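The values are calculated or read from the model by the stated rules, or taken from the named source; none is laboratory data. Note that the structure is a prediction, hence the values are computed from the model and not measured. Neighbour counts run over all protein chains shown; Cβ positions are idealised from the backbone, glycine included.
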Amino acid sequence: MDTRTDPNGESHITALRKSPTNKSIVAEDIAMTAIILFFIIHWYASVIAQSFFLHRYMAHGMFRMSKFWERFFYLFTFLAQGSSFLHPKSYAALHMEHHKHSDTEEDPHSPHFFQDVYSMMKNTAVVYFEFKTGKRDSSSPKINALPTWPLIDQLGNSHFVRIGFCCVYALFYYIFAPSPIWWLLLPFHFLMGPIHGAFVNWCGHKYGYRNHDTPDESRNTFAWDLLFVGETFQNNHHRFPNRANFANRWYECDVLYPFILTLNKLQIIKLNKT
């Protein structure tokens, strides 16, 4: 029997028992991988729902789809955004207001009229809830023709459902997070939709380059927008608001556009001619 001791007087056997086994290391690696994959999947599912369905379809009508696929992507948006679900019709009204008054005092979220991101998003939330509760009406004639799904709208706007999604995210982290530090990612899950919107609207109208001389301060933040699937091409988008491809130059890449072209080829959607 090995009774050797280390300089601290601890037996060799005790030290071995305290050291991590191969199985525990593998289990920790699997848990960490699960957390990372969960975050990435939630991030991209949410940003795709916001860009594809809420922005390009609801707010701009860049393509058409059948009632079945409309309901499919409506449900997908609800599940993808979860606790931060944005009511599609209210989102569209808010976004139309942004384009109508881009980078003026009447713009709901221009970074040039707010001291910081928080105050900008606070005002955005106020205007959004005014549209959602009927306290403010959209001046766009298109708004009344937009689809609604009362059941999903009611579920998505329920505090109990939002808290339920938060509990699911927290439970996943409780099961898989290898250490408490990973719990710092939970606020991103809780507020995923507004976080995407905050970055796009703040950076997309403040930082980057301009391809077009638009009357606002819109910018293209990234030439390859991998994180926000093309949404930070704000200057290109404000110059051509109805064009489904947000990239305008040969070196730019709107990573969501090939997905849109694929859906068009499969006849799931039908792109409008621009």
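Below are the figures for this structure:
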quantity: Qualifying residue in segment 2-10 (condition: among the basic types (Lys, Arg), in contact with a Ser or Thr (Cβ under 8 Å, 6 or more places away or on another chain), at pLDDT below 95 and loosely packed, with under 14 Cβ neighbours inside 10 Å); calculated: yes
quantity: Residue match in segment 255-271 (condition: in a strand (DSSP E or B), modelled with pLDDT of 95 or more, within 20 Å of Trp69 (Cβ to Cβ) and not aliphatic (A, V, I, L, M)); calculated: yes
quantity: Residues located in segment 117-155, provided they are hydroxyl-bearing (Ser, Thr, Tyr) and in contact (Cβ under 8 Å) with a residue 24 or more places away in the chain; calculated: Thr124, Tyr128, Ser138, Ser139, Ser140, Thr148
quantity: Residue within segment 191-206 that is farther than 28 Å from Arg239 by Cβ and either free of Cβ contacts under 8 Å to residues at least 60 places away in the same chain or crowded, with 18+ Cβ neighbours inside 10 Å (or both) present; calculated: yes
quantity: Cβ pairs under 8 Å, 6+ apart, first in segment 158-181 and at pLDDT 95 or above and β-branched (Val, Ile, Thr), second surrounded by 10 or more Cβ atoms within 10 Å (Cβ to Cβ) and assigned to a helix (DSSP H, G or I); calculated: Val161/Leu155; Ile163/Ser83; Val168/Gly82
quantity: Which numbered condition Ala223 fails, given (1) within 30 Å of Glu70 (Cβ to Cβ); (2) touching a Cys at 6+ places or on another chain (Cβ under 9 Å); (3) surrounded by fewer than 18 Cβ atoms within 10 Å (Cβ to Cβ); calculated: (1)
quantity: Top-ranked residue in segment 215-231 [being in contact with a strand residue (DSSP E or B) (Cβ under 7 Å, 6 or more places away or on another chain) and in a loop (DSSP other than H, G, I, E, B); ranked as farthest from Phe52 (Cα to Cα)]; calculated: Arg219
quantity: Residue satisfying all of: in segment 232-243; in contact with a Ser or Thr (Cβ under 8 Å, 6 or more places away or on another chain) and in a loop (DSSP other than H, G, I, E, B); surrounded by the fewest Cβ atoms within 10 Å (Cβ to Cβ) among these; calculated: Asn242
quantity: Residue ID - nearest to Leu155 (Cα to Cα), chosen from residues in segment 40-90 that are among the aromatic types (Phe, Trp, Tyr) and in contact with a Lys or Arg (Cβ under 9 Å, 6 or more places away or on another chain); calculated: Phe85
quantity: Residue in segment 208-216 that is closer than 28 Å to Glu105 by Cβ, hydroxyl-bearing (Ser, Thr, Tyr) and at pLDDT 95 or above present; calculated: yes
quantity: Residue pairs meeting the criteria (Cβ under 8 Å; at least 6 apart or on separate chains; first surrounded by fewer than 13 Cβ atoms within 10 Å (Cβ to Cβ), in segment 244-272; second basic (Lys, Arg) and part of a strand (DSSP E or B)); calculated: Lys270/Arg64
quantity: Residue tally, condition modelled with pLDDT of 95 or more and among the acidic types (Asp, Glu), over segment 220-239; calculated: 1
quantity: Enumeration of residues in segment 49-80 that are over 15 Å from the mean Cα position of the chain (by Cα), among the small types (Gly, Ala, Ser) and in a helix (DSSP H, G or I); calculated: Ala59
quantity: Selection from segment 24-62 of residues that are modelled with pLDDT under 95, out of contact with any Pro (no Cβ under 9 Å at 6 or more places or on another chain) and over 24 Å from Phe190 (Cα atoms); calculated: Ser24, Ile25, Val26
